[in-house]
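Undergrad: My structure is below; once you've seen it, I'll send some questions.
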Amino acid sequence: MVPRKQRVKAIVLYGYGINCETEMAHGCRLAEADVVDIVHMNEILQGEVTLDQYHLLNLPGGFLDGDDLGAAKAAANRLRYARVGARGERFQDQLLRFIKEGKLIFGGCNGFQLMVKLGLIPAFDGSYDTQQVTLTFNDSGRFEDRWVYLKIDEKSPCIFTRGIKGVYLPVRHGEGKFIPGGEEIRKKLKQRNLIVAQYSDPSFTHEVMDYPLNPNGSIDAVAGICDESGRLFGMMPHPEAYLHFTNHPRWTREDLPEEGMGLAFFRNAVEYIREELL
Amino acid sequence: MPHRIEIGLKSHIRDALGEKLKRRIRDDLNLEVKSVNTISVYTIDADLSPEQLEMVANGPFSDPITQMYAIDRPLAQSFDWLIEVGFRPGVTDNVGKTAREAIELRLGVQLKDQERVYTSTQYLIKGNLERPGVEKICNGLLVNPLVQRFEIIPRHLWNGRRGLEPTVPRVKIDQKIQVEEIGLQITDRALLKLSHDRVLALSLPEFKAIQAYFKKDSVIRERGEFGLGGKITDVELEALAQTWSEHCKHKIFNGLIEYTDERGEAEVIDSLFNTYIKGATETIRGKKGGEDLCLSVFDDNAGVIKFNDSYSLVFKVETHNTPCALDPYGGALTGIVGVNRDPFGTGKGAKLIFNVDTFCFAPPHYSKPLPPRLFHPKRVYEGVREGVEHGGNKSGIPTINGCVVFDDRYAGKPLVYCGTGGIMPSKIRGEPSHIKSPLPGDLIVMTGGRIGKDGIHGATFSSEELHEESPTTAVQIGDPITQKKMTEFLLKARDLGLYHSITDNGAGGLSSSVGEMARHIGCRLELEKAPLKYAGLNPWEILLSEAQERMTLAVASSEIEPFLQLAEKMDVEATVLGTFTDTGKLHVLYGGRTVGYLDMDFLHAGLPKMRLKATWKSKGFQEPQLPMDEDLTETLQGMLSRFNICSKESIIRQYDHEVQAGSVVKPLVGKENDGPSDAAVIRPILDSYEGVVVSNGICPRYSDIDTYHMMACAIDEAIRNNVAVGGRIDRMVGLDNFCWPDPIQSEKTPDGEYKLAQLVRANKALYDFTTAFGVPCISGKDSMKNDYLIGKTKISIPPTVLFSAMGKIDDARKAVTMDAKRPGDLVYILGETLNELGGSEYYAMRGYIGNNVPKVDAEKAKELYRRLNKATEEGLIASCHDCSDGGLGVALAETAFAGMLGMEIDLGKVPAAGVDRDDLLLFSETQSRFIVTISPDKKKAFEKAFEGIAYGLVGEVTLASVFKTTGLSGREIIRADIRDLKEAWKRPLGT
């Protein structure tokens, strides 16, 4: 391979209950990111690794701290008040610098819950540290693993979903019901096309509020949102769970391309970095 | 002063958990309530200022969008009854632990060791209920008194300003730490009393062996050198009792058995385990020669086989029956996270890639009166399901395969089988990964959780039936996140070569883990160094505690610095507890003083062999003479709605079966993602197509007739499920998990000789059929006291074996699922149907057992499986479904409705012998049969592939959604819409 002068570098966090790091990293590699590192949260908090080295931060799914205080609550608390090294900068400042430099963040499932609870999305008024929406218990009151159809807002600024109209992916969560923090926020999300992905009918034409197509009762059928830059994106369904056609629940009865639909999210991110950030 | 922070939902937010509870109060208890609301309570036993409490309450403890909080005042306002449920002292409180850590992080302080957070939940119930109804909700649904406490407050006694005083369930132990010395030169009666009082489960011959050991001159002299007298210490006695327990030593499987068969012919079997299980594996390995897959069998925590040149697979299944009987949720949670540590502690340590679970319960609508100490089967079902959900999902391991079996007799003891598979590079730093051993001079290191009184006597107590005084310390609640952090740390340490050996702390705690590891060398264990959850534990309790989430390692002294540093970096507790030695002794110290000194040889090999009798006599049930219905449509629907046949979707959906992204054949397949898969296929290495195929077989109903055939059928079922999706029979291994009622003849068990004969027969079948199929067992487990005995009530489970199979598919893209694919596809039956309805689901539905139990013809079956493997490889098969419970009728209907397609079937074309009735033909449970559909253009190649095998082209897949069957007389006997059949199948346990 011809060495590139500048390389796309992705970081995938793990530790404290994260559990989708392997497949998230696999998605980044298949999308041809040049460097993909799986890094323990404490390696960052102890200053061995900094986010500054990377372009794409992946926050995978899992059960951070067991979701004991509510999904990703304890982890958000951990990161919000952590300092890097014994007396270093606040981790929050490192993260804000990463965002300010125009880099990308993707949170899937528990990673989405973490982003929301840290306030990284939707972050209206550029306030990346204030929680404005939430994700809470599914209306069914239970964890569910099931595949859902997602209609993508093509007008959304989201970089990860460029060129995607609809996508079929699994959800695997107990706390995925999206609730905006008031009518004002709900309106802004809609007006600014920040509702990137909605639970929909199988032909991706309209959003659905009925169970089980909408698996959790999310307001406005919201499955994923981004910030106004489109560079920070989180959603409950798992694109990293559909990287290969054999992941599809009906691959033995349908003609499917080799590549799974989830890979496009990672390809979009890597392509954007190559074009805009290198 | 302790504080209470209460967190409730804002008024416009839906309380999904409260609503779910309301539904369960209605469904499970037949009580109507208007509403249930929940409030989370944190009781903070720490010195915090009002400002600090505020920062915590509106920080990590509450969500600003959905929740509100109150500090030292109640949120509860309108309700008819208030119930608050919290833990008892010493019970693992995972949320409390996370909350404590969150306080420290939020405030930037370090709390004192005794400053803790305790959680509880308030339920606010509105509705027209009297106190007995509320108590029913507590005792029947919300509270397990072994681990929880509760308070009930009616609205008229509520002080809306003061609320409840904080309750701090701090552990207080008043005992003086001491080592008791016990004279063993006492009467036999006194010895047995000692065994009973201390839950030692030691028999008289075993006590005699201990007495004799302590009289030996060399023993007296050596013990004297370390200040020990002629009496045994409680540390030694407890260590011996647990090492010698049925649970750890498998005394029945290793005993000397005189077996007499029906003709009166007697033989002596020296160890069922060595003769039949290990013996079969040795025979198979010998025959396979260069094709042998086994790398490490029966001598580590799990079996290890070759996956390919670069990787090895590890697999183990365990049971956790008694803990689940006492606390379904906690028992199942520790069951799954406990078995995770087996493959994790095998060889140098494996990455965990799948979980499996099989449950045996009494039916959820059980309406007979329940004897004392038993939970209603519905509650056991829900609790166990949820425990495995939390354990598996939070550990990030997909639950890919399982089964649920219902029978009234499991009311006495539910069976909860939990299994885990792992993968490891075949070599780590140039050394084979499945081999390990500690070296003298290595340090004994314990990692993970801390030690409390949890689980003390688990090993000895699971070696007894469930009785009035079954100890409640045996109940514990697992902590999957602490374990996950530890496994991540240890895998890293493994790859850096920071330890020589690893094993888990399960039954018997340190006594077992260190005792086993040091078996061939010796050790010096310093108990006072062990990190404790709370003060006040006696040395023997530290040694025996089965507190969860702990591994024991042998670390070279040169590596200890980097090992401990890495642990600290990854936020995992690791403590040096002593050294491995070359003395051949288990040397235990506390505070510098020797408190136990035993020969390793005696500890591990001093146990006298048990001598037992087994006598077989067939029960000889009659075949029933059933009236024959002209139309079998309703009969088929009735069969599809049987608990043993119906959809288990509601359980499967709540388990993450896809994490790690290697999922190829999921537990639910077909047009609407709801058909019942025969086996699971995963790709553990994401850039390879090689797949692992996992399946199971279990058929306890056949045990009522003959356990020999029960075992044969379980093996065949596991293998054929595996083959159905594409698992190669020549690359397949098995695991045996026996669960038996007490088979030792005694006053309590007057039919012990019969039950032991049942065990002998099952073992004979295991030998006969694993060798015939060439599928060796690589590991297994037995649980031998699955009885309930209180007062005069005895409930014994039917003898039950779960046989698990792990196979390989070279190219996962060739895997086949069970759903009919296209209209016009041809429907074939592979294998001959015989009149074998003894123990069948059909007879059970009609109220009979019968006698013609299915018998396996292994040679024929093996040939069929090989051919099917080849046909699958060649892409000839569109769908393949195994025939098991409910026979052809059920398997055909499932194939059709999973594909949402109709079917026209002619029973006259079914290859059969000696079956002259439509109902018997449809529902016979003859083994080694499949329903296969193929594309019509493959007909010629397909029929050639199965030349010489009994098969029949029985019909066609149709676009019209009608399932039609013509009987032997040529008349239509079934006509149903597949949607109605599916509905009948999905209704009983919901989705």
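Undergrad: Among the residues of segment B:635-654, write down those that are of a type in the set (Gly, Ala, Ser) and either closer than 27 Å to A:Cys28 by Cβ or outside any helix (DSSP H, G or I) (or both). Give the steps one after another, and end with the answer.
TA: From segment B:635-654, those of a type in the set (Gly, Ala, Ser) are B:638, B:641, B:647, B:650; that's our starting set.
The answer is B:Ser641, B:Ser647.
Undergrad: Another one. Give the residue that is farthest from the other protein chains (Cβ to nearest Cβ), with candidates limited to residues of segment A:198-257 that are over 15 Å from the mean Cα position of the chain (by Cα), of a type in the set (S, T, N, Q) and buried (at least 17 other Cβ atoms within 10 Å of the Cβ).
TA: Among those that are over 15 Å from the mean Cα position of the chain (by Cα), of a type in the set (S, T, N, Q) and buried (at least 17 other Cβ atoms within 10 Å of the Cβ), it is A:Ser200.
Undergrad: Residues B:Pro343, B:Pro328: which one is within 18 Å of B:Ala805 (Cβ to Cβ) and within 16 Å of the chain's Cα centre (by Cα)?
TA: The match here is B:Pro343.
Undergrad: Among the residues that make up segment B:804-822, is at least one of them hydrophobic (A, V, I, L, M, F, W, C), over 25 Å from the mean Cα position of the chain (by Cα) and assigned to a strand (DSSP E or B)?
TA: Residues of segment B:804-822 that are hydrophobic (A, V, I, L, M, F, W, C), as a first pass: B:805-806, B:809, B:812, B:815-816, B:818, B:820.
Add one more test, that the residue is over 25 Å from the mean Cα position of the chain (by Cα), and what stays is B:809, B:812, B:815-816, B:818, B:820.
Filter again for assigned to a strand (DSSP E or B), leaving B:809.
Among the residues of segment B:804-822, at least one is hydrophobic (A, V, I, L, M, F, W, C), over 25 Å from the mean Cα position of the chain (by Cα) and assigned to a strand (DSSP E or B), which makes the answer yes.
Undergrad: Let me ask something else about it. If I filter segment A:117-132 for residues that are under 18 Å from the mean Cα position of the chain (by Cα), surrounded by 22 or more Cβ atoms within 10 Å (Cβ to Cβ) and part of a helix (DSSP H, G or I), do I get at least one hit?
TA: Yes, that holds for at least one residue.
Undergrad: Which of the following residues is within 30 Å of A:Gly17 (Cα to Cα) and among the charged types (D, E, K, R): B:Asp687, B:Asp704?
TA: Exactly one of B:Asp687, B:Asp704 is within 30 Å of A:Gly17 (Cα to Cα) and among the charged types (D, E, K, R), namely B:Asp687.
Undergrad: Can I ask one more? With the checklist (1) surrounded by 18 or more Cβ atoms within 10 Å (Cβ to Cβ); (2) farther than 26 Å from B:Tyr702 by Cα in hand, flag the one item B:Gln927 doesn't pass.
TA: (2)
Undergrad: Out of the residues in segment A:138-173 that are outside any loop (DSSP other than H, G, I, E, B) and without any contact (Cβ under 8 Å) to a residue 60 or more places away in the chain, state the one that is farthest from the other protein chains (Cβ to nearest Cβ).
TA: The extreme case among them is A:Ile152.
Undergrad: Spot the failing condition for B:Asn722; the list is (1) within 12 Å of chain A (Cβ to nearest Cβ); (2) crowded, with 24+ Cβ neighbours inside 10 Å; (3) not hydrophobic (A, V, I, L, M, F, W, C), and only one is missed.
TA: (1)
Undergrad: Please work out which one of (1) more than 20 Å from B:Gly948 (Cβ to Cβ); (2) within 14 Å of another protein chain (Cβ to nearest Cβ); (3) of a type outside the set (Ser, Thr, Tyr); (4) within 31 Å of the chain's Cα centre (by Cα) is the condition B:Val890 fails and give its number.
TA: Only one criterion is unmet by B:Val890, namely (2).
Undergrad: Separate question: Looking at this structure, is A:Ala72 within 9 Å of another protein chain (Cβ to nearest Cβ) and closer than 27 Å to B:Phe61 by Cβ?
TA: For A:Ala72, the condition - within 9 Å of another protein chain (Cβ to nearest Cβ) and closer than 27 Å to B:Phe61 by Cβ - is not met.
Undergrad: Picking from B:Ala861, B:Ala871, which residue would you name as being closer than 30 Å to B:Ala960 by Cα and buried (at least 22 other Cβ atoms within 10 Å of the Cβ)?
TA: Only one candidate passes the filter, namely B:Ala871.
Undergrad: Out of everything in segment A:174-184 that is in contact with a helix residue (DSSP H, G or I) (Cβ under 9 Å, 6 or more places away or on another chain) and within 9 Å of chain B (Cβ to nearest Cβ), what residue ends up being nearest to A:Leu69 (Cα to Cα)?
TA: Looking at the filtered set, the residue picked out is A:Gly174.
Undergrad: Follow-up. May I ask you to say which residue of B:Leu129, B:Leu105 is within 14 Å of another protein chain (Cβ to nearest Cβ) and surrounded by fewer than 21 Cβ atoms within 10 Å (Cβ to Cβ)? Please lay out each step first, then the result.
TA: On the way: B:Leu129 fails: within 14 Å of another protein chain (Cβ to nearest Cβ).
One residue alone meets the criteria, B:Leu105.
A quick yes/no check of all residues on (1) among the basic types (Lys, Arg); (2) within 21 Å of the chain's Cα centre (by Cα); (3) buried (at least 16 other Cβ atoms within 10 Å of the Cβ):
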position	(1), (2), (3)
B:Gly264	no, no, no
B:Ser271	no, no, yes
B:Gly279	no, no, yes
B:Val304	no, yes, yes
B:Val314	no, yes, yes
B:Ala332	no, yes, yes
B:Lys351	yes, yes, yes
B:Ala362	no, yes, yes
B:Leu370	no, no, no
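Undergrad: Moving on. For residues that are within 12 Å of another protein chain (Cβ to nearest Cβ), part of a helix (DSSP H, G or I) and out of contact with any helix residue (DSSP H, G or I) (no Cβ under 8 Å at 6 or more places or on another chain), scanning just segment B:372-409, find the one that is surrounded by the most Cβ atoms within 10 Å (Cβ to Cβ).
TA: So the residue we want is B:Asn393.
Undergrad: Of the residues that sit in segment A:19-51 and are within 8 Å of another protein chain (Cβ to nearest Cβ) and in contact (Cβ under 8 Å) with a residue 24 or more places away in the chain, which one is surrounded by the fewest Cβ atoms within 10 Å (Cβ to Cβ)?
TA: So, considering only residues that are within 8 Å of another protein chain (Cβ to nearest Cβ) and in contact (Cβ under 8 Å) with a residue 24 or more places away in the chain, the one surrounded by the fewest Cβ atoms within 10 Å (Cβ to Cβ) is A:Gln46.
Undergrad: Here's something else I'd like to know. Could you grab me the full set of residues in segment A:52-69 that are polar (S, T, N, Q) and more than 14 Å from chain B (Cβ to nearest Cβ)?
TA: Answer for segment A:52-69, where residues must be polar (S, T, N, Q) and more than 14 Å from chain B (Cβ to nearest Cβ): just A:Gln53.
Undergrad: If you don't mind, another one. Please note which strands (runs of 3 or more DSSP E) are completely contained in segment B:883-991 and include at least 3 residues that are over 22 Å from B:Gly638 (Cβ atoms) and in contact with a Cys (Cβ under 9 Å, 6 or more places away or on another chain).
TA: Per the criteria, B:930-934.
Residue by residue, here is whether (1) of a type in the set (A, V, I, L, M); (2) at pLDDT 95 or above; (3) not in a helix (DSSP H, G or I) holds:
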{"position": "B:Ile65", "(1), (2), (3)": "yes, yes, yes"}
{"position": "B:Pro74", "(1), (2), (3)": "no, yes, yes"}
{"position": "B:Gln77", "(1), (2), (3)": "no, no, yes"}
{"position": "B:Gln122", "(1), (2), (3)": "no, yes, yes"}
{"position": "B:Ile125", "(1), (2), (3)": "yes, yes, yes"}
{"position": "B:Glu135", "(1), (2), (3)": "no, yes, no"}
{"position": "B:Leu141", "(1), (2), (3)": "yes, no, no"}
{"position": "B:Pro145", "(1), (2), (3)": "no, no, yes"}
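Undergrad: For segment B:684-697, which residues satisfy the criterion of being buried (at least 24 other Cβ atoms within 10 Å of the Cβ) and either over 17 Å from the mean Cα position of the chain (by Cα) or hydrophobic (A, V, I, L, M, F, W, C) (or both)?
TA: Correct list: B:Gly691, B:Val692, B:Val693, B:Val694.
Undergrad: Among residues belonging to segment B:108-123 that are surrounded by 19 or more Cβ atoms within 10 Å (Cβ to Cβ) and either more than 27 Å from B:Ile173 (Cα to Cα) or hydrophobic (A, V, I, L, M, F, W, C) (or both), point out the one that is farthest from the other protein chains (Cβ to nearest Cβ).
TA: Here the residue is B:Gln122.
Undergrad: List the helices (runs of 4 or more DSSP H) inside segment B:483-592, counting only whole elements, that have at least 3 residues being more than 31 Å from the chain's Cα centre (by Cα). Give the derivation first.
TA: Details: elements: B:509-517, B:539-544, B:560-569.
Hits in segment B:483-592: B:560-569.
Undergrad: What are the residues in segment B:4-45 that are assigned to a loop (DSSP other than H, G, I, E, B), over 20 Å from B:Val134 (Cβ atoms) and among the basic types (Lys, Arg), if any?
TA: B:Lys10, B:Arg14
Undergrad: Do you know which residues across segment B:293-302 are surrounded by 15 or more Cβ atoms within 10 Å (Cβ to Cβ) and either in contact with a Cys (Cβ under 6 Å, 6 or more places away or on another chain) or not aromatic (Phe, Trp, Tyr) (or both)? Please lay out each step first, then the result.
TA: Narrowing segment B:293-302 to residues surrounded by 15 or more Cβ atoms within 10 Å (Cβ to Cβ): B:293-298, B:300-302.
Hits for segment B:293-302 are B:Leu293, B:Cys294, B:Leu295, B:Ser296, B:Val297, B:Asp300, B:Asn301, B:Ala302.
Undergrad: Among the residues of segment B:594-632, write down those that are among the hydroxyl-bearing types (Ser, Thr, Tyr) and not in a loop (DSSP other than H, G, I, E, B).
TA: Within segment B:594-632, the first condition is being among the hydroxyl-bearing types (Ser, Thr, Tyr), and the residues that meet it are B:594, B:597, B:615, B:618.
Answer for segment B:594-632, where residues must be among the hydroxyl-bearing types (Ser, Thr, Tyr) and not in a loop (DSSP other than H, G, I, E, B): B:Thr594, B:Tyr597, B:Thr615.
Undergrad: I'd like to know if segment B:655-677 contains one or more residues that are surrounded by fewer than 17 Cβ atoms within 10 Å (Cβ to Cβ), more than 13 Å from chain A (Cβ to nearest Cβ) and in a strand (DSSP E or B).
TA: no
The values are calculated or read from the model by the stated rules, or taken from the named source; none is laboratory data. These numbers come from a predicted model, not from an experiment. Here Cβ is always computed from backbone atoms with ideal geometry, including for glycine, and neighbour counts include all displayed protein chains.
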